[in-house]
């Protein structure tokens, strides 16, 4: 099996009450750490309301992150395409592709926060249709050097062309987001894009949805006459926090998990706050344990993380990249330590980096008597020879 890739997906989530400037700096510092630790990707979202997901322009943020990193690929996670004119968006993406020297991944979606669409006067019912219309227009601009003309009820392009072609050929990798509905997998199959599964739940129904998603991609690709899609282009999101022990991981998450869950039960409106009972009756540690037990997240050790990813692989049928959700459940120091533990133990397990050193070590141990014994004899022989030579020299003197 092809080795997995790994990354972190930042909406990002920052509880209100902290300085936004420092929150942005913390996000940049985290991506710098991921680059040092050898992660493959980091993704940055676009949101404009709610006071929790603070980055309004992933393109600007990625341009800054690109100057502070060397190897990690950087994805827009995701650009809400109904909010932007396709020609202007394609032009910005081309510029960013050059500024990142080809490390850009162009993640797209219809827009996740209903409050953003409301402020812009966009009916949520129209967002998925607009996403497809904008995606088709951007692909046309990327794929043709001839003028592109499009007319819809929300944008017009007259003889549009790109004055700067993308840095990557023929264009950056394009990924479409999927959360609940089949629209994302349908677009991925129809247009030959990568799939970015961003379900916020890893409970049984979340696994079932992941299990069904790739079938929709394959079905739509066949319908569009495209080649069979490659599962290595599929990215799957999971929620986790790691520490040396499960007890420490739970304690770490008492820092901010309750606030995160309250946002998703209130401001964002995606995930219920609790599976039952009144969360106010639970201690912070009890709340963390209940959240993990519900199947929404893995809070534990690197071994637990390996089992979690393997379960996702089994139930999905296989994918190419696992993305951890970026969050403020734990303190900055504990969060960076979680990334380090994941990079030290989990990533090499799935990259196949541990087998060769182990095989070499086992071979050396098995040869110990045969090889090391002779090496010891050689050392002893050299010592004796030196001693004899030294004695002869003293006698001659």
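The values are calculated or read from the model by the stated rules, or taken from the named source; none is laboratory data. All values reported here derive from a predicted model rather than from experimental measurement. So basically every Cβ, Gly included, is an ideal-geometry build from the backbone, and we count neighbours across all protein chains shown.
Is there a residue being assigned by TED's automatic domain parsing to the domain that holds residue 175 and out of contact with any helix residue (DSSP H, G or I) (no Cβ under 9 Å at 6 or more places or on another chain) anywhere in region 125-134?
yes
For region 172-186: of the residues being modelled with pLDDT under 95 and part of a loop (DSSP other than H, G, I, E, B), which is surrounded by the fewest Cβ atoms within 10 Å (Cβ to Cβ)?
Taking the candidates together, the pick is 181.
Quick one: how many residues across region 85-107 are more than 19 Å from residue 135 (Cβ to Cβ), out of contact with any helix residue (DSSP H, G or I) (no Cβ under 6 Å at 6 or more places or on another chain) and surrounded by 21 or more Cβ atoms within 10 Å (Cβ to Cβ)?
Residues in region 85-107 being more than 19 Å from residue 135 (Cβ to Cβ), out of contact with any helix residue (DSSP H, G or I) (no Cβ under 6 Å at 6 or more places or on another chain) and surrounded by 21 or more Cβ atoms within 10 Å (Cβ to Cβ): 1 in total.
Pairs under 9 Å by beta carbon, first residue farther than 17 Å from residue 44 by Cα in region 107-125, partner at pLDDT 95 or above and exposed (fewer than 12 other Cβ atoms within 10 Å of the Cβ), six or more apart or different chains?
Cβ pairs passing all conditions: 117/123.
In this structure, does residue 189 turn out to be at pLDDT below 95 and buried (at least 18 other Cβ atoms within 10 Å of the Cβ)?
Values: at pLDDT below 95: no; buried (at least 18 other Cβ atoms within 10 Å of the Cβ): yes.
For residue 189, the condition - at pLDDT below 95 and buried (at least 18 other Cβ atoms within 10 Å of the Cβ) - is not met.
All but one of (1) surrounded by fewer than 22 Cβ atoms within 10 Å (Cβ to Cβ); (2) in contact with a helix residue (DSSP H, G or I) (Cβ under 8 Å, 6 or more places away or on another chain) hold for residue 247; state the number of the condition that does not hold.
It fails just one condition, (2).
Restricting to region 50-83, give me the number of residues that are within 22 Å of residue 184 (Cβ to Cβ), assigned to a loop (DSSP other than H, G, I, E, B) and in contact with a helix residue (DSSP H, G or I) (Cβ under 7 Å, 6 or more places away or on another chain).
So the count comes out to 3.
Just one of (1) out of contact with any helix residue (DSSP H, G or I) (no Cβ under 7 Å at 6 or more places or on another chain); (2) farther than 30 Å from residue 291 by Cα; (3) not in a strand (DSSP E or B) trips up residue 217, so point out which.
(1)
If residue 167 satisfies every condition in (1) touching a helix residue (DSSP H, G or I) at 6+ places or on another chain (Cβ under 7 Å); (2) within 21 Å of residue 9 (Cα to Cα); (3) assigned to a loop (DSSP other than H, G, I, E, B) but one, which is the exception?
(2)
Within region 35-49, which residues are part of a helix (DSSP H, G or I) and in contact (Cβ under 8 Å) with a residue 12 or more places away in the chain?
35, 37
Kindly check whether there is at least one residue in region 13-34 that is under 20 Å from residue 176 (Cα atoms), within 15 Å of the chain's Cα centre (by Cα) and assigned to a loop (DSSP other than H, G, I, E, B).
Of all residues in region 13-34, those under 20 Å from residue 176 (Cα atoms) come to none.
Within region 13-34 (the criterion being under 20 Å from residue 176 (Cα atoms), within 15 Å of the chain's Cα centre (by Cα) and assigned to a loop (DSSP other than H, G, I, E, B)), the answer is no, since none of the residues qualifies.
Going by the conditions given, is residue 295 out of contact with any strand residue (DSSP E or B) (no Cβ under 8 Å at 6 or more places or on another chain) and surrounded by 13 or more Cβ atoms within 10 Å (Cβ to Cβ)?
Details: out of contact with any strand residue (DSSP E or B) (no Cβ under 8 Å at 6 or more places or on another chain): yes; surrounded by 13 or more Cβ atoms within 10 Å (Cβ to Cβ): yes.
Here the answer is yes, as residue 295 does meet what is asked.
Can you find, within region 108-132, the residue that is surrounded by the fewest Cβ atoms within 10 Å (Cβ to Cβ) among those that are over 26 Å from the mean Cα position of the chain (by Cα) and outside any helix (DSSP H, G or I)?
Applying the filter and picking the extreme gives 121.
Here is a list: 333, 356, 364. Which entry is loosely packed, with under 12 Cβ neighbours inside 10 Å and either modelled with pLDDT of 95 or more or not in a helix (DSSP H, G or I) (or both)?
None of the others qualify; the one that does is 333.
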